[in-house]
Amino acid sequence: MAGLLKTKPTPPRWLLAELTYACPLQCPYCSNPIDYAKYQSELATEDWKRVLTQARKMGAVQLGFSGGEPLTRQDLPELVKHARDLGYYSNLITSGYGLTEEKILQLKDAGLDHIQVSIQASSQELNDHIAGTESFEHKKQVAHLVKKHGYPMVLCVVIHRENIHQMPEILAMATELGADYLELANTQYYGWAHTNRDLLLPTQAQFEKAEAIAQAYKESDAGKMKIYYVVPDFYEDRPKACMNGWGTTFLTIAPDGVALPCHSARDLPGLDCPNVNDSSVEEIWNDSKAFNYFRGQDWMKEPCRSCDEKDKDFGGCHCQAYLLTGDMHNADPVCSKSPQHGLIQEAIASAAKSQLAENEKPLIFRNSKNSKHLS
């Protein structure tokens with residue numbers, strides 16, 4: 001194994017439970033696998049309870065219920081109750097679609113700590129276009145209900161070329177909804193977003209303008225709403241630290257029970273990602289090939305091996321290195337020190353060229369539904 005440690009790794013602290021790949025929305029930047037449809041099986045309720053129990057016993061304290069859309073799971077309140085009994089701080093990461101006042105009360109009674117609601121844009125037309133579902137008005141109602149029932153209003157808007165021009169309106173919408181926290185999450189180009197990259201990647205000028213608007217609003221708002229602006233990798237000269245270090249903090253369990261060091265890791269070749277139906281969480285975390293592969297620094301090639309910043313970014317994102325270079329051992333091309341950094345410049349140029357094209361190709365939506373580009 002590339003980076004097998006001789007010492008026992010620290011235990012996981014953050015568990016992401018991807019309960020399902022099912023989702024009523026069709027977002028063209030979805031982080032679910034492109035071939036998600038072939039993963040039809042889902043862990044049963046008792047299996048999820050076993051996973052939650054084992055991870056908590058190891059020391060995990062933060063729990064995210066995600067998907068797809070986790071609300072499609074009828075056993076969600078039961079799982080939330082089990083998580084509460086175990087002592088997790090639990091977070092529902094949802095589109096809000098299908099979330100009613102009755103369900104909010106049910107989840108609150110079960111012990112859910114936190115709800116994050118996503119909205120695709122500040123206007124009904126663009127939101128419903130990007131989501132592929134008429135959902136805008138319902139999402140706004142859900143945001144008000146979340147606030148009404150004592151939860152902090154946490155709003156997430158994924159930013160890309162289709163909606164980046166709406167930054168002032170997005171900020172105004174968040175204020176109108178009473179958001180306590182607003183995450184402006186620039187698209188990260190994996191999964192469906194990678195497929196649609198030429199259509200979603202803003203120009204640097206668009207990104208910088210939007211960031212300046214958000215920063216000015218943050219200062220004028222004087223801390224009333226906390227704004228988190230997630231910078232897009234492609235406009236940085238250093239990569240993000242992969243999952244805070246591969247196999248050090250985050251554990252993702254996919255709907256079919258496959259355990260992943262990050263949500264995109266099942267796309268990497270040769271990791272033999274284990275399944276919780278075959279091994280315990282402790283065995284998976286400590287002993288599996290997948291979780292040990294990029295631990296430590298033995299896997300590193302140059303320029304990472306001799307880089308004085310390798311303890312900060314750990315070589316960057318392995319999934320991004322694989323998507324862009326075909327070799328997951330390469331330095332993340334986002335890094336200006338990478339020999340393949342030119343691939344990032346080529347991607348930016350390709351996206352800019354696409355934006356200028358008279359007959360721009362349509363977005364490919366998550367459920368393979370094509371749609372015309374909406375300007």
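Tell me, yes or no, whether region 128-144 has at least one residue that is among the aliphatic types (A, V, I, L, M) and either over 18 Å from residue 183 (Cβ atoms) or open to solvent by 20 Å² or more (accessible area, probe 1.4 Å) (or both). No; the residues of region 128-144 include none that is among the aliphatic types (A, V, I, L, M) and either over 18 Å from residue 183 (Cβ atoms) or open to solvent by 20 Å² or more (accessible area, probe 1.4 Å) (or both).
Can you name every residue in region 28-54 that is in a loop (DSSP other than H, G, I, E, B) and among the aliphatic types (A, V, I, L, M)? Steps first, answer last, please.
Taking region 28-54 first, the residues in a loop (DSSP other than H, G, I, E, B) are 28-35, 39-44.
Matches in region 28-54: 34, 43, 44.
Which residue, of 271, 251, 323, is under 19 Å from residue 17 (Cα atoms) and either part of a loop (DSSP other than H, G, I, E, B) or within 17 Å of the chain's Cα centre (by Cα) (or both)? Walk me through it before giving the result.
Working: 271 fails: under 19 Å from residue 17 (Cα atoms); 323 fails: under 19 Å from residue 17 (Cα atoms).
Just one listed residue meets the conditions, 251.
One residue stands out in region 302-320 among those that are part of a helix (DSSP H, G or I) and farther than 15 Å from residue 234 by Cβ: the one that is most open to solvent (accessible area, probe 1.4 Å), namely 312.
For region 183-205, the condition holds for no residue, the condition being that it is in contact with a Phe, Trp or Tyr (Cβ under 7 Å, 6 or more places away or on another chain), charged (D, E, K, R) and part of a loop (DSSP other than H, G, I, E, B). Only residues that are of a type in the set (Asp, Glu) and either part of a helix (DSSP H, G or I) or under 20 Å from residue 332 (Cβ atoms) (or both): list them for region 277-301, please. Listed by number, the residues that qualify are 282, 283, 287, 298. Filtering 201, 177, 171 for residues that are within 17 Å of residue 354 (Cα to Cα), out of contact with any Cys (no Cβ under 8 Å at 6 or more places or on another chain) and open to solvent by less than 10 Å² (accessible area, probe 1.4 Å) leaves a single hit, 201.
Out of the residues in region 204-218 that are of a type in the set (A, V, I, L, M, F, W, C) and over 24 Å from residue 363 (Cβ atoms), which is surrounded by the most Cβ atoms within 10 Å (Cβ to Cβ)? Step by step, filter region 204-218, then rank; the result is 214. Residue count for region 104-115, restricted to those that are touching a Gly at 6+ places or on another chain (Cβ under 9 Å) and crowded, with 21+ Cβ neighbours inside 10 Å: 1. No other residue among 50, 13 is under 22 Å from residue 246 (Cα atoms), surrounded by fewer than 22 Cβ atoms within 10 Å (Cβ to Cβ) and not polar (S, T, N, Q) apart from 13.
Table: residues versus (1) farther than 20 Å from residue 59 by Cα; (2) aliphatic (A, V, I, L, M); (3) free of Cβ contacts under 8 Å to residues at least 12 places away in the same chain; (4) in a helix (DSSP H, G or I).
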| residue | (1), (2), (3), (4) |
| --- | --- |
| 217 | yes, no, no, yes |
| 227 | yes, yes, no, no |
| 237 | yes, no, no, no |
| 266 | yes, no, no, yes |
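Look through 363, 343, 356 and report the one residue that is at pLDDT below 95 and open to solvent by less than 60 Å² (accessible area, probe 1.4 Å).
Result: 363 is the single residue among 363, 343, 356 that is at pLDDT below 95 and open to solvent by less than 60 Å² (accessible area, probe 1.4 Å).
Within the option set 63, 25, being within 16 Å of residue 93 (Cβ to Cβ) and either in a loop (DSSP other than H, G, I, E, B) or in contact (Cβ under 8 Å) with a residue 60 or more places away in the chain (or both) holds for one residue only, 25.
The values are calculated or read from the model by the stated rules, or taken from the named source; none is laboratory data. Given the structure is predicted, the values throughout are model-derived calculations rather than measurements. Backbone-built Cβ (ideal geometry, glycine too); neighbour counts: all protein chains shown. Just the protein is used for accessible areas: all its heavy atoms, side chains included, with ligands, DNA and RNA removed. Shrake-Rupley method; radii C 1.70, N 1.55, O 1.52, S 1.80 Å.
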